[in-house]
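Beneath this line is the structure, given in structure tokens, with notes to follow.
The values are calculated or read from the model by the stated rules, or taken from the named source; none is laboratory data. Bear in mind that the values here come from a model prediction, so they are computed numbers and not experimental data. Every residue, glycine among them, receives a Cβ derived from its backbone with ideal geometry; neighbour counts consider all protein chains shown. Quick note on the areas: whole protein, heavy atoms, side chains included, nothing else; ligands and nucleic acids left out. Shrake-Rupley method; radii C 1.70, N 1.55, O 1.52, S 1.80 Å.
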Amino acid sequence: MNHSLRRKVFIVSILLLVVALLIYGFLPKTQEVDVVSVKRGPLQITIEEEGRTRLKDRFTISAPTAGYMRRINVKVGDPVKKGQIVAVLEPLQSQALDPRSRATAQAAVSSADATLMAAIERERVTKADAGYIEQRLERLRALYAKGSISKDQFDQINSEAQKARALQNSAAAEVNVAKSELERAKITLQNFTARNSGHDSVAISAPLSSAVFRVYRESEGAVNMGEPLIDIGDVKNLEVRVEVLSSDAVKIKKGTPVLFRRWGREEQLTGVVRLIEPAGFTKISSLGVEEQRVLIIVDITSPPEKWNVLGDGFRMETHFIIWEGEDILQVPASALFRSGAGWAVFIEEKGKARKRIVEIGQKNGLAAEILSGLKEQEKVVAYPEDSINDGTKIRARK
């Protein structure tokens, strides 16, 4: 009898324990959450894009004429002074003659030489004719003085003498022309590929004191008129070029303050928008999506000694401040969740989560302005999970 009673008591105890464990298992558990305080502080709404520095005034030194450029000795980064010679152009060198061209030039020399010989012979003929007529004129002049011939006969011989002298002068001129043609034909065969002595060279100087930013070609060689040679500029006169989405550009205006971060140093730089270009352009993003962007130019307003290590084409993370406040009641943006058409948060109240509808104002990716629904120093759940509801037991995670 006692054995049976003890067995029953044991079985009932086991059943009660199982029921108690089941009830405990279905009881709501206390969840650990991250809790933050509602606080006041500065809040900024920014548009973030990548920018690159560039020279405000870039001077490209180009070849004023076609020529043969000597090797450029200045290097990228070298300082140059106003008037300093940075490049020298010499006259272009003559081309080498191929066998056919050389044979043609030699034939032209032979032809010019024969032409010269013919011109010399013609000059001799006209000289002889002129001499004979001059002698005849002298004889007839004496006869005319005695009255032995008429004036018409004397005028005729005088005219023939003038004509003979003109033909002699023309023949002499033809000889000079033939000599020049022969000299020109011989020049074609000469080699003018040797370096110029320098008296016909053109010196190219720097228009202002600055630094060299780019040398298009360092080695010597032939260049065309207008071909760029060197880029120079003042490294202390930089601006920042930023390509912004057109949907964000409409929120930015001239004079908007700018912050530069992650440019190589921990200290952030300041700037101001100087120009928003009125025309946009299409750009393909890294994901292959077409984006409409607008170019914005920003001036750096921080003292030059803080950013004197920057140069042309340096990357900078650019933040356009489109709104900011100093004493703003705010919560982390992660604490907000949608409740109908509005926003809500979970506050911590006596170990339980309580849903609170709030009205928000300005919002960035990290924090949101609270217009109503919360007070300073109230505790809110920083990252509310789907398992948290109104009344869920919670405790702050250590």
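Annotations for the structure displayed:
- Using just its DSSP H runs of length 4 or more, each adding -39500 (n - 2.57), the chain gives a mean residue ellipticity at 222 nm of -10500 deg cm²/dmol after division by all residues.
- Helix runs (DSSP H) in the chain reaching 24 Å along axis by Cα, Kyte-Doolittle at least 1.0: 2-26
- Heavy atoms of GLU324 accessible to a 1.4 Å probe, total area in Å² rounded to 10: 100 Å²
- Each listed q (0.12, 0.19, 0.21, 0.23 Å⁻¹) maps to a log10 I(q)/I(0) for the stretch 134-250, found by the Debye formula over equal Cα scatterers with no solvent: -0.82, -1.12, -1.19, -1.26.
- Coil-residue chymotrypsin sites (Phe, Trp or Tyr not before Pro) of the stretch 193-279, DSSP, other Cβ within 10 Å capped at 16: TYR216
- Projected label distance in nm at LYS8 and GLU305, using a 7 Å step from Cα toward the beta-carbon: 9.8 nm
- Of VAL202, VAL12, VAL33, the one that fluctuates the most in a GNM where the chain has Cα springs shorter than 10 Å: VAL12
- Computed from the C-beta positions of ARG71 and ARG184, the FRET efficiency with R₀ = 35 Å rounds to 0.55.
- Label separation (LYS375 vs ILE120): 12.5 nm, computed from points 7 Å beyond Cα along the C-beta direction.
- Hull volume in cubic angstrom per residue (convex hull over the Cα atoms of the chain): 361 Å³
- Tail weight of P(r) past 18 Å, computed on alpha-carbon pairs of the stretch 261-362, percent: 71 percent
- Label-point separation in nm, ALA279 to ASN224, each point 7 Å along Cα→Cβ: 2.5 nm
- Seen from every direction in turn and averaged, the convex hull around the alpha carbons of the stretch 1-158 projects onto 42.1 nm².
- Pairwise inverse Cα distances across the stretch 77-161, averaged and inverted, put the Kirkwood hydrodynamic radius at 19.6 Å.
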